[in-house]
Amino acid sequence: MSTVDWRSLPDRRPLVTLSSVVVACVLLGAAGGLITAPQIETWYTTLDKPGFTPPNWLFGPVWTVLYAFQGLAAWLVWRAGLDDRQVRVALALFTAQFVLNVAWSPAFFGLESPILGLVVIVPLWVIIVATIGAAARVERRAAALLVPYLAWVSFATALNYAIWTLN
């Protein structure tokens, strides 16, 4: 039985590993949204929302691009080498922020709770900042790919807060 050398995969099979990581991020990220989709057409429509709320159709395309950017960023960091402590720290932070990201939809929509959404999204924002910092020490392009994600989560935090205060 052969053992997989995870450190060499991004270099030996770059297109396979890149596409696998990007597709995994997009699918895992979308899973949280699909689970809570029924509340978007029912509960969410009954909420008072601020004037800066984007149309519902915009969220899917934006998140798809952002999850693809996250996958590319994670792959660039991984490609730098798993035996490097800075790479392991960046990937651990990436994993933590991704888990919180996926947890936000069930908290906000699934439990129909803007306050629980805030309880998730505020630490998510902090960990994204830390992830960008850690990624920048390993691969500056990976950090740059996460900046639009930080901007969107900043906007989403403001939107989440406004929905909570209006309701």
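Here, each number is a calculation from the coordinates, and none is a lab measurement. Since the structure is predicted, the reported quantities are computational estimates derived from the model, not experimental observations. Methodologically, a virtual Cβ is constructed for each residue, glycine included, from the backbone with ideal geometry; neighbour enumeration extends over all protein chains shown.
General observations
- Packing-based exposure ordering (other Cβ within 10 Å, fewest first) of Trp152, Trp57: Trp57, Trp152
- Cα centroid separation - region 50-68 against region 77-112, whole Å: 20
- Projected label points at Phe59 and Ser19, each 7 Å from Cα along the beta carbon direction, are separated by 3.1 nanometres.
- Computed over the chain, the per-residue total of -39500 (n - 2.57) for DSSP H runs of n ≥ 4 gives a 222 nm mean residue ellipticity of -26500 deg cm²/dmol, rounded to 500.
- Of every Cα-Cα pair in region 47-130, the percent that sits beyond 14 Å: 72
- Approximating the spin labels as points 7 Å out from Cα along Cα→Cβ, the Arg137-to-Trp43 distance works out to 3.9 nm.
- Proximal charge balance of Asn160 [Cβ under 14 Å; K/R count +1, D/E count -1]: -1
- Potential lengthening between Val126 and Glu112 on full extension [0.36 nm per residue; Cα-Cα distance subtracted]: 2.7 nm
- Options Leu118, Val153, Ala80, ranked by Cα towards positive dipole end of the chain, top entry (Cβ charges): Ala80
- In this label model, Leu27 and Ser154 are separated by 3.3 nm, measuring between points 7 Å along each Cα→Cβ vector.
- Cα-derived Rg over Rh, computed across the chain with Rh taken as Kirkwood radius: 1.02
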